[in-house]
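Working notes, beginning with the structure itself.
The values are calculated or read from the model by the stated rules, or taken from the named source; none is laboratory data. If you're wondering where the values come from, they're calculated on a predicted model, not measured in any experiment. Neighbour counts are summed over all protein chains in view; Cβ atoms, including those assigned to glycine, are modelled from backbone coordinates with ideal geometry. Areas reflect the complete protein model, heavy atoms only, side chains present, ligands, DNA and RNA absent. Shrake-Rupley method; radii C 1.70, N 1.55, O 1.52, S 1.80 Å.
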Amino acid sequence: SLASTAVTCFTRGLDLRKETEDVLCPADCPLWQFYVFGDGVYASLSSVCGAAIHRGVITNAGGAVRVQTLPGQENYPAVNANGIQSQVLTRWASSFSVTRIKNTALEAVGRTVSTARPSTGKRPKKPLDKKAGNKDCKADIAFLIDGSYNIGQRRFNLQKNFVGKVAVMLGIGTEGPHVGVVQASEHPKIEFYLKNFTAAKEVLFAIKELGFRGGNSNTGKALKHTAQKFFSLDNGARKGIPKIIVVFLDGWPSDDLEEAGIVAREFGVNVFIVSVAKPTTEELGMVQDIGFVDKAVCRNNGFFSYQMPTWFGTTKYVKPLVQKLCSHEQMLCSKTCYNSVNIGFLIDGSSSIGESNFRIVLEFISNVAKAFEISDIGSKVAAVQFTYDQRTEFGFTDYATKEKVLSAIRNIRYMSGGTATGDAISFTTRNVFGPVKDGPNKNFLIVLTDGQSYDDVRGPAAAAQKAGITIFSVGVAWAPLDDLKDMASEPRESHTFFTREFTGLEQMVPDIIRGICKDFLDSKQ
């Protein structure tokens with residue numbers, strides 16, 4: 001019988017590597033924590049074991065399930081089955097189905113697929129460490145409340161009550177969620193920051209004290225301001241914790257949200273919109289952009305928008321919103337091209353380059369690396385120099401800060417020798433990318449060369465790409481265009497760069513960074 005992969009309660013379809021994979025679901029997964037989208041055909045964002053229980057393939061006692069990858073689709077329906085309420089999703093790029101495995105004598109083989117969230121059952125009844133808060137909910141949240149004339153004083157107070165209930169239910173604490181509040185009106189006002197309070201009681205008090213400002217509903221302006229200014233480390237944002245803005249909007253905004261949404265995504269912030277009292281048919285003529293919700297949210301997949309008919313009787317809306325804010329693995333905007341890539345530099349050290357041009361090459365590499373958020377939980381950089389021989393200057397896990405990486409780049413010594421680019425690509429794929437190939441970051445290799453390679457580059461480059469590495473080739477002086485194109489990833493035009501003079505490298509920096517970000521985003525859609 002085939003061996004099956006042991007998975008956790010939270011492993012999603014998109015965490016699995018193969019077209020068809022047999023998995024073994026654990027027993028006693030907490031049903032209330034499952035995220036399942038669709039019915040029969042499930043969006044790959046769904047929990048595999050949750051979908052299997054929903055479908056009736058297994059019970060909560062766990063068991064073996066065959067998962068088949070399917071193409072994406074539109075309008076995954078919400079259906080309640082076997083104790084799990086699946087959710088609606090407008091569209092997703094891939095799906096899967098689940099079926100029983102005939103021979104259940106499957107042995108689970110140790111390789112557990114890791115996911116963002118550890119498997120935790122319903123919380124034990126022992127008293128929660130109140131100070132620490134809910135450790136299972138990792139989030140830094142800005143509540144962007146509506147303080148405009150649209151909402152008025154009376155509903156403003158109801159809004160404060162609702163935000164207070166959400167804050168309490170989140171389980172704020174030193175190791176749990178942290179929250180702050182920004183009021184949107186004519187001009188945004190940050191009422192308090194993440195670092196100001198770490199106990200729900202204090203937050204509740206601060207919310208009660210908020211005064212109504214009035215003015216136009218310039219939500220776009222406030223959202224942009226919050227995305228740019230609120231989440232600095234000085235203001236209490238924590239490294240590696242999802243950043244979330246929950247925008248409360250009564251009616252509709254007076255300004256445009258599109259640009260603010262783009263800025264928030266660039267800053268790695270997950271935007272939710274809670275719209276209350278949506279514009280009626282008669283009012284639609286006054287709304288400058290009917291699609292304002294879709295343009296502002298992190299992803300237009302149904303998960304990040306939330307509707308309440310009025311500010312009255314909102315208690316039942318508290319828990320579902322809290323569950324969304326605490327589902328760490330759904331925060332698709334936390335990962336940006338700046339904090340979730342591995343960039344390997346393969347540097348030609350052949351004798352035709354010469355010492356002074358070699359320095360220019362190192363300067364170029366530093367300028368590309370500088371743009372990224374390098375840390376143990378963020379992006380990583382590695383460098384290999386090659387002639388006929390290869391030398392790993394430093395690997396992805398050697399330096400965990402930007403300063404150390406930049407200093408290591410400065411200290412690379414010029415080798416001087418021949419040019420075997422194909423061998424060097426194979427060496428780098430195996431020795432530098434090998435150890436990180438199952439990690440969460442997307443892999444990029446930037447090959448810099450000034451001449452013809454003595455060996456074949458096409459085979460090694462194809463193997464690297466097959467191993468999930470995107471290659472940008474950068475040629476200088478005598479580097480033949482055919483070689484550069486043969487190494488580059490598709491579309492080759494946008495992954496191939498060439499300059500006659502070494503001094504031309506500097507102009508390429510922004511295009512390379514943009515190229516990495518474009519590939520990163522395309523891979524996430």
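Being in a helix (DSSP H, G or I) and open to solvent by less than 10 Å² (accessible area, probe 1.4 Å) is a property that Q183 lacks.
Output yes when any residue across the stretch 349-362 is within 24 Å of the chain's Cα centre (by Cα), touching a residue at least 60 places away in the same chain (Cβ under 8 Å) and on the phi < 0 side of the Ramachandran plot, and no when none is. The answer is no, given that none of the residues of the stretch 349-362 is within 24 Å of the chain's Cα centre (by Cα), touching a residue at least 60 places away in the same chain (Cβ under 8 Å) and on the phi < 0 side of the Ramachandran plot.
Criterion applied to T401, T428, T419 was being open to solvent by less than 80 Å² (accessible area, probe 1.4 Å), in contact with a strand residue (DSSP E or B) (Cβ under 8 Å, 6 or more places away or on another chain) and closer than 20 Å to T470 by Cβ, and the one residue passing it is T428. Residues considered: S489, S453. Of these, the only one that is within 14 Å of I343 (Cβ to Cβ) and either without any contact (Cβ under 8 Å) to a residue 40 or more places away in the chain or not assigned by the TED database to the domain that holds S356 (or both) is S489.
Please work out if P460 is outside any loop (DSSP other than H, G, I, E, B) and under 26 Å from S334 (Cα atoms). No; evaluated as a whole, the condition is false for this residue.
Condition (residue is part of a loop (DSSP other than H, G, I, E, B) and either in contact with a Phe, Trp or Tyr (Cβ under 6 Å, 6 or more places away or on another chain) or free of Cβ contacts under 8 Å to residues at least 40 places away in the same chain (or both)) applied to the stretch 240-249: is it met by at least one residue? Spell out the reasoning first.
Within the stretch 240-249, the subset part of a loop (DSSP other than H, G, I, E, B) is 240-242.
Next cut, either in contact with a Phe, Trp or Tyr (Cβ under 6 Å, 6 or more places away or on another chain) or free of Cβ contacts under 8 Å to residues at least 40 places away in the same chain (or both) only: none.
Within the stretch 240-249, not a single residue is part of a loop (DSSP other than H, G, I, E, B) and either in contact with a Phe, Trp or Tyr (Cβ under 6 Å, 6 or more places away or on another chain) or free of Cβ contacts under 8 Å to residues at least 40 places away in the same chain (or both).
Looking only at the stretch 37-61, residues that are surrounded by 19 or more Cβ atoms within 10 Å (Cβ to Cβ) and over 14 Å from S94 (Cα atoms) come to 9 in all. Scanning the stretch 211-226 for residues being open to solvent by less than 20 Å² (accessible area, probe 1.4 Å) and of a type in the set (A, V, I, L, M, F, W, C) gives a total of 2.
Go through the stretch 288-314 and report how many residues are surrounded by 15 or more Cβ atoms within 10 Å (Cβ to Cβ) and assigned to a loop (DSSP other than H, G, I, E, B). Walk me through how you get there before you give the answer.
Of all residues in the stretch 288-314, those surrounded by 15 or more Cβ atoms within 10 Å (Cβ to Cβ) come to 289, 292-306, 308, 311, 314.
Add one more test, that the residue is assigned to a loop (DSSP other than H, G, I, E, B), and what stays is 289, 297-304, 311, 314.
Selection size over the stretch 288-314: 11.
Could you list, in sequence order, all residues of the stretch 151-179 that are in contact with a Lys or Arg (Cβ under 8 Å, 6 or more places away or on another chain) and either of a type in the set (S, T, N, Q) or open to solvent by less than 10 Å² (accessible area, probe 1.4 Å) (or both)? Residues satisfying the conditions are G164, G173, T174, G176, P177.
Candidates in the stretch 236-262 are the residues that are surrounded by fewer than 17 Cβ atoms within 10 Å (Cβ to Cβ) and farther than 26 Å from E283 by Cβ; of these, the one that is nearest to the chain's Cα centre (by Cα) is G240.
Restricting the stretch 499-510 to residues that are assigned to a helix (DSSP H, G or I) and without any contact (Cβ under 8 Å) to a residue 40 or more places away in the chain, the residue that is most open to solvent (accessible area, probe 1.4 Å) is Q507.
Quick one: is G434 without any contact (Cβ under 8 Å) to a residue 12 or more places away in the chain and assigned by the TED database to the domain that holds V361? In short, yes.
How many residues, within the stretch 264-304, are among the polar types (S, T, N, Q), out of contact with any Leu (no Cβ under 6 Å at 6 or more places or on another chain) and closer than 24 Å to V318 by Cβ? Summing the residues that are among the polar types (S, T, N, Q), out of contact with any Leu (no Cβ under 6 Å at 6 or more places or on another chain) and closer than 24 Å to V318 by Cβ in the stretch 264-304 gives 1.
Can you find a residue in the stretch 330-346 that is open to solvent by 20 Å² or more (accessible area, probe 1.4 Å) and farther than 29 Å from F304 by Cβ? It would help to see each step written out before you state the result.
Quick first cut of the stretch 330-346, residues open to solvent by 20 Å² or more (accessible area, probe 1.4 Å) only: 332, 334-335, 338-339.
With the extra rule that they be farther than 29 Å from F304 by Cβ, the set shrinks to none.
The answer is no; no qualifying residue exists.
Cβ-Cβ contacts under 8 Å between residues 6 or more apart (or on different chains), taken from a first residue in the stretch 271-289 that is at negative phi to a second residue that is open to solvent by less than 60 Å² (accessible area, probe 1.4 Å) and of a type in the set (D, E), are listed as V276/D250. Taking the criterion of being assigned to a loop (DSSP other than H, G, I, E, B) and in contact with a Phe, Trp or Tyr (Cβ under 6 Å, 6 or more places away or on another chain), the only residue of the stretch 420-449 that qualifies is A420.
If you check T496, T470, which single one turns out to be crowded, with 19+ Cβ neighbours inside 10 Å, under 29 Å from the mean Cα position of the chain (by Cα) and over 23 Å from S350 (Cα atoms)? First the steps, then the outcome.
Values: T496 fails: over 23 Å from S350 (Cα atoms).
The unique qualifying residue is T470.
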